[in-house]
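Take a look at the structure set out below.
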Amino acid sequence: MTEVSEKKIIEKVLGGDANAFEELVLKYEKTVYNLALRMVGDRDDAFDMTQEAFIKAYGSLSSFRGDSKFSVWIYRIATNVCLDFLRSKSRKQQVSLTVSDDDDEDAQLDIPDPSSAPEQQLMQKMSMQSVEEGLKTLPDKQRQILVMRELGGMSYAEIGAALSLEEGTVKSRIFRARKRLCTFLLDSGNIPDSLASKGMKGGGET
Amino acid sequence: MTDCEKCREMISCLIDGELSEAEQSLVREHIASCPECRSVYDAFSAVSEQMHEEEPLPDGLHEKIMSGIKARPKKKTGIVWIKYLSAAACLALVIFAGIKSGMLSPAENKVDSNDLYVAETLPVLDGRFTGQSGNGDKTTYTLAQNAKTRAAVSAETAEKLRTLLAPAEDAHSEYVVSGEADYAVSFDDGVEPDFVLIYIDDGRVYADYGNGAFAAAGSAQEIRDLLDACAGE
Ligand SMILES: [Zn+2]
């Protein structure tokens with residue numbers, strides 16, 4: 001599907017043909033799901049976040065600007081949905097003072113508090129699991145940008161435009177995220193010895 | 001290149017395909033002769049590869065998404081916001097300024113566009129709106145170049161937004177407004193002031209409640225995140 005045909009689909013949807021939206025869902029759902037999974041670290045939550053992201057995108061399709069790609073737009077919505085979810089979750093965990101919310105999604109389960117990383121099993125090989133654990137230890141902003149870059153395939157310029165950040169900020173945030181992630185994996189024995197290095201220990205403090 | 005830390009940041013860029021050819025060869029030269037940076041490169045690459053491994057879509061998710069789209073939930077009370085986006089075409093936009101104060105208690109407010117009307121002329125908008133016309137309870141404004149979205153959100157979100165739009169500690173002299181507002185937000189929960197224009201410029205946020213724009217406490221990202229989170233509601 002080209003950008004042009006995506007625009008055509010969007011016009012159709014806005015013109016009242018809701019079924020046309022399914023093509024966009026089919027194209028992006030897998031990536032959005034994986035992006036959500038890396039953001040929230042739990043399959044059930046990622047499932048819900050994926051649904052929510054598409055519903056939001058559908059509901060606000062009229063605000064989609066033709067001057068960025070649809071992919072950029074949907075990934076940004078998805079990461080924001082996840083961030084909101086994580087924030088509301090941490091709020092709920094701190095105080096059980098939930099603002100009454102008439103509908104849905106109150107039966108949420110627990111993501112471990114990212115700041116108290118769970119006991120780390122020593123694995124010889126880096127696994128998807130361990131990368132996910134590591135991602136949970138990153139500050140939200142770093143994780144969001146790294147996920148947009150790695151899973152969304154967005155360039156620094158696209159991320160910068162989507163989040164109103166200077167490209168330099170995007171660059172250094174991705175770098176810090178990687179350092180931190182590698183430091184975590186190294187400390188928890190998840191980076192094979194051959195990759196473990198003084199080099200990584202050196203700069204990973206941020 | 002002698003600065004290893006600098007090189008490592010460039011390694012990160014290299015993995016992301018963000019380096020020029022000249023920069024690439026600089027980095028490659030350095031990692032060929034520096035084992036530490038070499039292993040940083042290997043580790044970054046390994047993590048990157050790992051992150052790219054996608055899981056298949058869980059069973060039932062596609063159907064769940066589609067059924068969710070077909071049965072979009074109705075939303076609650078709170079604020080109405082209107083987002084101005086650049087678009088080539090001119091279009092007419094009805095501004096819903098809110099439910100007549102006193103008619104309903106905030107808790108009973110229902111945001112339904114048919115019930116909304118423009119309570120008053122908003123002088124602050126002069127100059128940015130190219131025309132307006134009355135039609136019963138509604139005033140239609142013609143905007144220079146806009147698209148719109150509206151959302152009704154929770155009172156909690158409205159509160160959060162007001163906090164972000166409070167004057168910054170270092171709020172400096174009046175911001176000279178140029179161009180269109182990035183967002184216009186109209187609050188219908190009965191709390192004054194109930195309308196604000198938001199300008200985002202160079203990463204800073206400026207709010208104009210009708211008495212001139214000032215630098216706001218919240219960051220551009222916080223504002224955008226919040227309003228974008230409302231977008232689908
Ligand atoms: Zn080096």
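Distant-in-sequence amide contacts of B:ALA213, defined by a placed amide H-H separation under 5 Å and a gap of 5 or more residues or a different chain, comprise B:TYR175. Computed from phi, the 3J(HN,Hα) profile of the range A:163-179 under the Karplus parametrisation 6.51, -1.76, 1.60 (θ = phi - 60°) reads 10, 6, 10, 5, 4, x, 5, 4, 4, 6, 5, 5, 5, 4, 4, 5, 4 Hz, with x in place of Gly and Pro. Note on A:176-186: average number of Cβ atoms from other chains within 10 Å of each residue's Cβ is 4. The label-point distance for B:ARG28 and B:LYS160, in a model that sets each label 7 Å from Cα toward Cβ, rounds to 4.7 nm. Each Lys or Arg adds one and each Asp or Glu takes one away; over the other residues whose Cβ falls under 15 Å from the Cβ of A:VAL4, this sums to 0.
Checked against a 26 Å cut-off, the cross-linked pairs A:LYS56/A:LYS89; A:LYS69/B:LYS6; A:LYS27/A:LYS171; A:LYS27/A:LYS179; A:LYS56/A:LYS179; A:LYS27/A:LYS89 give Cα-Cα distances beyond that limit for A:LYS69/B:LYS6; A:LYS27/A:LYS171; A:LYS27/A:LYS179; A:LYS56/A:LYS179; A:LYS27/A:LYS89. Between chain B and chain A, roughly 5700 Å² of accessible surface gets buried, counting both sides and using a 1.4 Å probe. Note on B:GLU21 and B:GLU63: their simple-model spin labels are 5.3 nm apart, each label 7 Å out from Cα toward Cβ. Using C-alpha pairs below 8 Å separated by at least 6 residues, the relative contact order for the range A:3-88 is 31 percent.
Taking a sphere under 11 Å around the Cβ of B:ASP225 and counting the other residues whose Cβ falls inside, with K and R at +1 and D and E at -1, yields a net charge of +1. The protection proxy used here, the mean number of other Cβ atoms lying within 10 Å of each residue, ranks peptides A:66-72, A:78-84, A:39-45 as follows, highest first: A:78-84, A:39-45, A:66-72. If Lys and Arg each add +1 and Asp and Glu each add -1, what is the summed charge of the other residues whose beta carbon sits under 10 Å from the beta carbon of A:ALA157? Once all neighbours under 10 Å are counted, the net charge is -3.
The values are calculated or read from the model by the stated rules, or taken from the named source; none is laboratory data. Worth saying up front: this structure is predicted, and the values here are computed from it rather than measured. Please note: Cβ atoms are built from the backbone with ideal geometry, for glycine as well, and neighbour counts cover all protein chains shown. SASA here: full protein model, heavy atoms, side chains in, ligands and nucleic acids out. Shrake-Rupley method; radii C 1.70, N 1.55, O 1.52, S 1.80 Å.
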